[in-house]
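**Student:** I'd like to ask you about the structure that follows.
The values are calculated or read from the model by the stated rules, or taken from the named source; none is laboratory data. As the structure is a prediction and not an experimental result, all values here were calculated from the model. A quick note on method: Cβ atoms are made from the backbone with ideal geometry, for glycine too, and the neighbour counts reach across all protein chains shown. Ligands, DNA and RNA are excluded from the accessible area calculation, which covers all protein heavy atoms including side chains. Shrake-Rupley method; radii C 1.70, N 1.55, O 1.52, S 1.80 Å.
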Amino acid sequence: MLTLDHPGPPTQPRILSVVTTPVSAMQHLVCNTTLADELFRILADLELTSGMAELIGGSLAPISYCVPARGEDGREVSYSEKRSETHGQLIFGAATLGLRDGKQWMHSHCVWLTPEGRLQAGHLWPETGVGSLPPVAVVQGLPGVDLESTDDPETRLPVFTPHPSANTGRRSPATGLNRTVVARVCPNEDITLAVEKICAENGFDHAVVRGGIGSLIGATFMPYNGITREPVAGPCTEVVTLVGHVMRTADDIRSQLMCTLVDTQGVVHAGGLVRGENPVAVTYELFVQEITLTVSQHTDLPTDSPTLPATQQGEHS
């Protein structure tokens, strides 16, 4: 498995996590506003300062973004120059919402269609706005969790880390969700194995991965339709979507994760991740949510498919 030699001392432990029971809100965003302001507006309605958001459909205008790049000044990875689009049709996106130096701070990766119809993805900058066709946002507020962005001594880059908090926000039984682990996965840890470890340590027999974003060292995808996929070159790829199911079998906990990411050339890739071969590059802001399956007839994940059978689909968005 590939690893990166970051300039600073390794953070311990390698998975930092807090367990919570999120509360959710789903709204259309308001056009001609900034994306960050809109997501924090929804979060404030829940009387919380930390959360994660999933963004679906609609449009963004303008779009200010970057893609990953090779590092300099001792860092292994960095960001490209700032890029922009006048507008784009949003396909999907995710955002981590928290605080940096006591102020609201958003970390967001999205994938969209450019005005020319080209698929593009990247890390959004704060000036990105909501377009004339506003996206739908599903915001999960995180009671008892503070997500704080600080400069990481290991990578010399800003990262979000979850911390226990006394802030419980405004709870409503109608919007309460299942137990969720909010975690930061540190560099060189395989993302699939990290998901499985979180489930094992927290007693999750079935779970889904939702919303979180981060970076991988390139990517190694499973074969599809009998065709071997070429590995995506590193040293860093920015992950836009990471979704999948986790379930306990008679012998172990196993998961299969599907991923969409953008490489240093700005090319978008997608597929199922090979277990044990996709380490984190800088950080991964992970949200693993326990579910209750309504039907359970199988005891193992299929070996020839990246998703569970329809009869085993649980709460998932």
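**Student:** Which residues, counting only those in region 138-172, are among the polar types (S, T, N, Q), outside any loop (DSSP other than H, G, I, E, B) and either farther than 18 Å from L39 by Cα or open to solvent by 10 Å² or more (accessible area, probe 1.4 Å) (or both)?
**Tutor:** T150, T161 - these are the residues of region 138-172 that are among the polar types (S, T, N, Q), outside any loop (DSSP other than H, G, I, E, B) and either farther than 18 Å from L39 by Cα or open to solvent by 10 Å² or more (accessible area, probe 1.4 Å) (or both).
**Student:** Restricting to region 108-137, name every residue that is in a strand (DSSP E or B), open to solvent by 20 Å² or more (accessible area, probe 1.4 Å) and either modelled with pLDDT under 95 or more than 27 Å from C236 (Cβ to Cβ) (or both).
**Tutor:** Passing the criteria: only V136.
**Student:** Which ones in region 37-59 are under 19 Å from the mean Cα position of the chain (by Cα) and either within 20 Å of V262 (Cβ to Cβ) or of a type in the set (F, W, Y) (or both)?
**Tutor:** F40, M52, A53, E54, L55, I56, G57
**Student:** Scan region 26-41 for residues that are in contact (Cβ under 8 Å) with a residue 60 or more places away in the chain, not aromatic (F, W, Y) and not in a loop (DSSP other than H, G, I, E, B) and jot them down.
**Tutor:** Once the filter is applied, which keeps residues that are in contact (Cβ under 8 Å) with a residue 60 or more places away in the chain, not aromatic (F, W, Y) and not in a loop (DSSP other than H, G, I, E, B), region 26-41 yields M26, Q27, H28, T34, L35, A36, E38, L39.
**Student:** Among the residues of region 272-295 satisfying the criterion of being in a loop (DSSP other than H, G, I, E, B) and not hydroxyl-bearing (S, T, Y), which is surrounded by the most Cβ atoms within 10 Å (Cβ to Cβ)?
**Tutor:** Among residues in region 272-295 that are in a loop (DSSP other than H, G, I, E, B) and not hydroxyl-bearing (S, T, Y), the one surrounded by the most Cβ atoms within 10 Å (Cβ to Cβ) is N278.
**Student:** For region 51-90, how many residues are surrounded by 20 or more Cβ atoms within 10 Å (Cβ to Cβ), among the hydrophobic types (A, V, I, L, M, F, W, C) and within 15 Å of C110 (Cβ to Cβ)?
**Tutor:** The qualifying residues number 7.
**Student:** For region 209-251, which positions are open to solvent by 10 Å² or more (accessible area, probe 1.4 Å) and touching a helix residue (DSSP H, G or I) at 6+ places or on another chain (Cβ under 8 Å)?
**Tutor:** H245, R248
**Student:** Could you tell me which residue of region 7-25 is least open to solvent (accessible area, probe 1.4 Å), considering only residues that are in a strand (DSSP E or B) and of a type in the set (S, T, Y)?
**Tutor:** Only one residue fits best here, namely T20.
**Student:** Return the residues of region 52-79 that are in contact with a Phe, Trp or Tyr (Cβ under 9 Å, 6 or more places away or on another chain) and closer than 23 Å to L157 by Cα; say none if nothing qualifies.
**Tutor:** Matches in region 52-79: M52, I63, S64, Y65, C66, V67, P68, A69.
**Student:** Right, here's the next one. Across region 196-214, which residue is farthest from C236 (Cα to Cα) among those that are assigned to a loop (DSSP other than H, G, I, E, B) and in contact (Cβ under 8 Å) with a residue 12 or more places away in the chain?
**Tutor:** Within region 196-214, the match that is farthest from C236 (Cα to Cα) is D205.
**Student:** If you check G117, G131, G122, which single one turns out to be closer than 25 Å to D263 by Cα and in contact (Cβ under 8 Å) with a residue 60 or more places away in the chain?
**Tutor:** Step by step, each of G117, G131, G122 is checked, and only G122 is closer than 25 Å to D263 by Cα and in contact (Cβ under 8 Å) with a residue 60 or more places away in the chain.
**Student:** I want to confirm something. Restricting to region 216-247 and keeping residues that are in a strand (DSSP E or B) and without any contact (Cβ under 8 Å) to a residue 40 or more places away in the chain, which single residue is farthest from T96 (Cα to Cα)?
**Tutor:** Result: I227.
**Student:** Residue by residue through region 26-37, note down the ones that are open to solvent by 30 Å² or more (accessible area, probe 1.4 Å), within 19 Å of L48 (Cα to Cα) and among the aliphatic types (A, V, I, L, M).
**Tutor:** M26 - this is the single residue of region 26-37 that is open to solvent by 30 Å² or more (accessible area, probe 1.4 Å), within 19 Å of L48 (Cα to Cα) and among the aliphatic types (A, V, I, L, M).
**Student:** Also: Scan region 255-271 residue by residue and report those that are part of a loop (DSSP other than H, G, I, E, B) and either crowded, with 24+ Cβ neighbours inside 10 Å or in contact with a His (Cβ under 7 Å, 6 or more places away or on another chain) (or both).
**Tutor:** Selection gives D263 alone.
**Student:** Just one of (1) open to solvent by less than 20 Å² (accessible area, probe 1.4 Å); (2) part of a strand (DSSP E or B) trips up L48, so point out which.
**Tutor:** (2)
**Student:** Any chance you could count how many residues in region 176-193 are part of a helix (DSSP H, G or I) and either crowded, with 21+ Cβ neighbours inside 10 Å or touching a Ser or Thr at 6+ places or on another chain (Cβ under 7 Å) (or both)?
**Tutor:** The qualifying residues number 2.
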